[in-house]
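Q: Provided herewith is a single structure, encoded as structure tokens, for subsequent inquiry.
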Amino acid sequence: MIITTNWVKSQDLIKPIRYQVFIVEQQISEEEEWDGDDFIAIHALAFENSLPIATGRLIIHEADQAKAKIGRMAVLENYRSKGYGRAILKKLIDLGKEKGVQEFILHAQVHALDFYLREGFKPEGEIFDEVDMSHQKMILRI
């Protein structure tokens with residue numbers, strides 16, 4: 001099951017997933033992980049047997065609502081390669097489309113490029129460093 005939610009309502013379910021994936025596994029600092037965008041984002045949250053196991057967020061551009069950024073895609077280790085990441089991504093894209101978004105942007109970690117390529121995203125620009133990891137800007141235009 002996948003729901004869409006907001007930070008105020010569901011941060012207690014979202015935070016442990018992101019903490020485990022980004023702070024523990026990928027060693028991103030807490031200062032880098034938690035930001036004000038969580039409060040304006042629409043969050044997707046996947047459950048297996050009522051356990052929250054994957055998340056991602058969608059931020060619709062304030063000045064140009066035809067553009068949105070997808071980010072903080074995280075799946076707990078034991079649930080990876082089971083389609084949860086794809087389901088979260090699809091849920092965020094579908095929700096964006098419903099709201100008129102025509103261009104989705106994300107910063108993909110280089111190890112995840114193939115995942116996003118399979119979902120129709122195209123790389124744009126050079127690989128860059130973000131939180132001490134190599135990333136690629138990717139775009140999906142509807």
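Read-outs: derived from the displayed coordinates by stated rules, not from any lab. Quick caveat: nothing in here was measured; it's all calculated off a predicted structure. Glycine gets a Cβ as well: all are built from the backbone with ideal geometry, and neighbour counts include every protein chain shown.
Q: Got a sec? Which residues in the stretch 124-139 would a label at residue 117 touch, if it sits 7 Å along Cα→Cβ and we count backbone N under 18 Å?
A: Zone members listed by number: 124-128, 134-139.
Q: If you don't mind, another one. Quick one, can you get me the convex hull of the C-alpha atoms of the stretch 70-128 expressed as volume per residue in Å³?
A: So the per-residue Cα hull volume is 92 Å³.
Q: Determine ³J(HN,Hα), in whole Hz, for all residues of the stretch 130-138 in sequence, where each value follows from phi through the Karplus function 6.51 cos²θ - 1.76 cosθ + 1.60 and θ = phi - 60°; x replaces Gly and Pro.
A: Whole-Hz 3J(HN,Hα) from phi for the stretch 130-138: 9, 6, 6, 9, 6, 10, 10, 5, 9.
Q: Amide H to amide H under 5 Å from residue 102: which residues, 5+ apart in sequence or cross-chain, H placed 1.01 Å off N in plane?
A: 67
Q: Now, a different point. Which ³J(HN,Hα) values, rounded to whole Hz and listed in residue order, are derived for the stretch 86-100 from phi using the Karplus coefficients 6.51, -1.76 and 1.60 in 6.51 cos²θ - 1.76 cosθ + 1.60 with θ = phi - 60°, glycine and proline given as x?
A: Karplus-based 3J(HN,Hα) across the stretch 86-100 equals 4, 5, 4, 4, 4, 4, 5, 5, 4, 5, x, 4, 4, 9, x Hz.
Q: Rg to Rh for the chain: what is it, with Cα atoms only and Rh by Kirkwood?
A: On the way: Rg = 14.2 Å, Rh = 15.3 Å.
Across the chain, the Cα-based Rg/Rh ratio is 0.93.
Q: Taking θ as phi - 60°, what are the ³J(HN,Hα) couplings along the stretch 18-30 by the Karplus curve (6.51, -1.76, 1.60), each to the nearest whole Hz, with x for Gly and Pro?
A: 5, 4, 5, 6, 8, 7, 6, 6, 9, 6, 7, 5, 4
Q: Next question, about the same structure. Calculate the dipole size of the chain relative to its Cα centre from +1 charges on Lys and Arg beta carbons and -1 charges on Asp and Glu beta carbons; express the result in debye to the nearest 20. It would help to have the intermediate numbers written out before the result.
A: Details: 18 positive and 23 negative charges, 169 e Å.
Here the chain has a charge dipole of around 820 debye.
Q: If packing is taken as the average number of other Cβ atoms within 10 Å across a peptide's residues, how do 52-64, 91-103 rank, most packed first?
A: So the order, starting with the most tightly packed, is 52-64, 91-103.
Q: Give me, ordered by chain and number, the residues 5 or more places off residue 134 or on other chains with an amide H under 5 Å from its own placed amide H.
A: Amide H to amide H, under 5 Å and 5 or more residues apart or across chains, residue 134 pairs with 110.
Q: Give 97/122; 15/122; 9/122 a once-over and call out the pairs whose C-alpha atoms are over 27 Å from each other.
A: 15/122; 9/122
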